[in-house]
1. Looking for whichever is without any contact (Cβ under 8 Å) to a residue 24 or more places away in the chain and either among the hydrophobic types (A, V, I, L, M, F, W, C) or more than 14 Å from chain A (Cβ to nearest Cβ) (or both) here; the options are B:Leu53, B:Leu93, B:Leu77, B:Leu42. Which one fits?
2. Which fully enclosed helices (runs of 4 or more DSSP H) of region A:137-218 have 1 or more residues being in contact with a strand residue (DSSP E or B) (Cβ under 6 Å, 6 or more places away or on another chain) and small (Gly, Ala, Ser)?
3. From the list B:Phe240, B:Phe236, B:Phe222, exactly one residue is among the hydrophobic types (A, V, I, L, M, F, W, C), within 24 Å of B:Leu53 (Cα to Cα) and more than 13 Å from the chain's Cα centre (by Cα). Which is it?
4. Quickly run through region B:15-30 and pick out the residues that are surrounded by 13 or more Cβ atoms within 10 Å (Cβ to Cβ) and on the phi > 0 side of the Ramachandran plot.
5. Out of all the residues in region B:145-160, is one or more free of Cβ contacts under 8 Å to residues at least 60 places away in the same chain and part of a loop (DSSP other than H, G, I, E, B)?
6. Tell me, which strands (runs of 3 or more DSSP E) lie completely within region B:265-364 with 2 or more residues that are crowded, with 18+ Cβ neighbours inside 10 Å, out of contact with any Cys (no Cβ under 9 Å at 6 or more places or on another chain) and modelled with pLDDT of 85 or more?
7. Return a yes/no flag: does region A:168-177 have any residue that is within 14 Å of chain B (Cβ to nearest Cβ), within 21 Å of B:Leu107 (Cβ to Cβ) and hydrophobic (A, V, I, L, M, F, W, C).
8. Could you tell me whether any residue of region A:194-214 is surrounded by fewer than 20 Cβ atoms within 10 Å (Cβ to Cβ), over 21 Å from A:Tyr55 (Cβ atoms) and small (Gly, Ala, Ser)?
Amino acid sequence: MGAAPASRDVTSYGMGLAVPLALFFLVFFVAPLLQLLWLSLHNDTAGLHWGLGQYLHFLTDPFSLSVLGSTLLLGAEVTAVCLVLGFPIAWLYQRVGPKLQTVIILIVLLPLLTSVVVRTFAWIVILGRQGIINATLQSLGMIDTPLKLLYTQFGVVIALAQVQMPLMTLPLITALGRIDPNLDDASCSLGAGSWRTFFRVVLPLSLPGIIAGCTLTYAAAITAFITQSLIGGGQMLFMPMYLYQQASTLQNWPFASAISIIFLLAVLAVVSVFTTLGRLSRGYGGA
Amino acid sequence: MAEAQGGRSLVVDAVTHRYPSGALAVENINLDIKGGEIIALLGPSGCGKTTLLRIIAGFIAQSQGRIIIGDDIVDALPPNKRAVGIVFQNYALFPHLSISENVGYGLAARGVDKATRQREAQRLLELVQLPTMSERLPRQLSGGQQQRVALARALAIKPSILLLDEPFAALDKNLRLDMQIEIKRLQRVSGITTLIVTHDQEEALSMADRVAVLSHGKLEQFGTPSDIYDRPQTLFVNTFVGSSNRMPGVVISADRSAAKVRLDAGAEIIARPAAGTLTEGGRVTVCIRPEHLQFVGDESGFAGVVGMSLPLGATVVHEVTTADGFGVKVSQARIGETRALESGAAVRLAPLAPALANAFPATL
């Protein structure tokens, strides 16, 4: 026994183990980000003159602003579709037997196991002029000319919603699973119908999951380069593609950098709104 | 303060429930409960008591039989239309609602306006002696306080029947006694017919007017606590409620009220035939409670060897091995200076009085 040094905490580990990852992040994340910021603060493509010209250009250009606006709107639409379709799946998952649970979780996870490119091409097959939907509707005689589904906002939202669905469903399943099933019974025995139970008990208690799911889905939907470009086609321009054009095609690196920074800030703003809501709702979930 | 709902009667009429797998959860249960009674459903875990509670509440639709509350057959009513108040084992308070909102929840579901709800919640919180807690959240309350809130919430809907599911299991021992007294007091004040599901025999015997003992989905006995303890009808009831020594023997002679049994351990005793008449010459199992055995100085009774003595405060329990190798427990009240018996001492044991042992036909 004897007097051991009192301040030595035996459960703490040295920070040394984190050094490799920290270095990795420093070199491949922090440094490029700083380079991006540095680039964006130049008024000319050669990078000789400092200034805020690129930002001024973006913020005063109606076209650029409309691309930003439609991208943020797209994220909101995809998130809403995922929430409305994902919640019942998560709710169902908590109310079926273990066998069906396995089936549901497989269906939810399956999209993650296939490449985004493959899934997006599948949507092209489904939504195209001679695609599955149009062919079916035409053979049933419900429409004469094919509906325009591909290269529309509607098509992009539906395809993105399917691609990002697991990001919504998984947090919801977790959140709903944390709710004590007795609360349902308690609410019911006190005379509440199932809708009252849903809105007064289940929904408020699943808020942490809703917010986590929305944050993930939103962030993923607005940055989904492949699906946006392939389903949206040439007519629909969203921020990732806009960025790509400026950087790769037009070689306007400072402007592309400024777009990146603005896009990053816009996403951070939305995410921090979600996070704040999450913090406010934390009073619910715990217990 | 007094709530004059007047308890309604509850009849469980030949209720049988099968799981989807076909296994029986409860089988042909009949209970006739008078308005205002406290009834305990007592049994080991898996005996079907919780299933029966959920059938009465309406969460499970029984395969056969009827549930009658007052004059109404309620089988077709969903739980939210039955006006059955439930206190759950884990209380199941809504964690995101204040105590006042929790208590007023059932009233809100009935469309009662907010001011009335708050007044009523406050009145009930005073009834359960938590008048200052209305704005807190459930997790800020102790276990005992949460249980009082759960009780107030169940009482707020003026239920015709109050169901308590293992209400004291999560409380520590001292608090448990306080809450038992509290619930009994509130039940007397409100006069609500109350059903307590428990696996704790002391709880059942101390709280209930009548106790229904269940085992493997079947009703073993339904009677007053003293019926259950002193006049058990089945071997299961005798051994599950209180502790009992089981000793094999043979019936020498028997009539309706008494049987002379020769124990294999080597003594003839008079036992009460627990269920009907016993056949002469038949094998029986005799149950004698440890407190009904005594050491005797003469040659009556049967011989044994002391194994171990445990002083348990008010009583001393001796473990004695009989001549035929059975272990028997003897409980002695500690009067004056009770001598601790040495291990290995030869003793003789006999029942305190003739009718205290119960004889059951031996099952093979």
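The values are calculated or read from the model by the stated rules, or taken from the named source; none is laboratory data. Since the structure is predicted, the reported quantities are computational estimates derived from the model, not experimental observations. With ideal geometry, Cβ positions are generated from the backbone for all residues, glycine too; neighbour counts draw on all protein chains shown.
1. Values: B:Leu53 fails: without any contact (Cβ under 8 Å) to a residue 24 or more places away in the chain; B:Leu93 fails: without any contact (Cβ under 8 Å) to a residue 24 or more places away in the chain; B:Leu42 fails: without any contact (Cβ under 8 Å) to a residue 24 or more places away in the chain.
Result: B:Leu77 is the single residue among B:Leu53, B:Leu93, B:Leu77, B:Leu42 that is without any contact (Cβ under 8 Å) to a residue 24 or more places away in the chain and either among the hydrophobic types (A, V, I, L, M, F, W, C) or more than 14 Å from chain A (Cβ to nearest Cβ) (or both).
2. Working: elements: A:153-177, A:181-189, A:194-197.
In region A:137-218, A:181-189 are the helices (runs of 4 or more DSSP H) which contain 1 or more residues that are in contact with a strand residue (DSSP E or B) (Cβ under 6 Å, 6 or more places away or on another chain) and small (Gly, Ala, Ser).
3. On the way: B:Phe240 fails: more than 13 Å from the chain's Cα centre (by Cα); B:Phe222 fails: more than 13 Å from the chain's Cα centre (by Cα).
Going through B:Phe240, B:Phe236, B:Phe222 in turn, just one is among the hydrophobic types (A, V, I, L, M, F, W, C), within 24 Å of B:Leu53 (Cα to Cα) and more than 13 Å from the chain's Cα centre (by Cα): B:Phe236.
4. Going residue by residue through region B:15-30, those that are surrounded by 13 or more Cβ atoms within 10 Å (Cβ to Cβ) are B:15-18, B:24-30.
Listed by number, the list holds a single entry, B:Asn28.
5. Scanning region B:145-160 turns up no residue that is free of Cβ contacts under 8 Å to residues at least 60 places away in the same chain and part of a loop (DSSP other than H, G, I, E, B).
6. Values: elements: B:267-273, B:283-288, B:293-295, B:302-312, B:315-322, B:327-333, B:346-351, B:357-361.
In region B:265-364, the matching strands (runs of 3 or more DSSP E) lie at B:267-273, B:283-288, B:302-312, B:315-322, B:327-333, B:346-351.
7. As a first pass, look at region A:168-177 and keep what is within 14 Å of chain B (Cβ to nearest Cβ): A:175.
Next cut, within 21 Å of B:Leu107 (Cβ to Cβ) only: none.
Checked against the condition, which is being within 14 Å of chain B (Cβ to nearest Cβ), within 21 Å of B:Leu107 (Cβ to Cβ) and hydrophobic (A, V, I, L, M, F, W, C), region A:168-177 yields no hits at all.
8. Yes, the conditions are met somewhere in region A:194-214.
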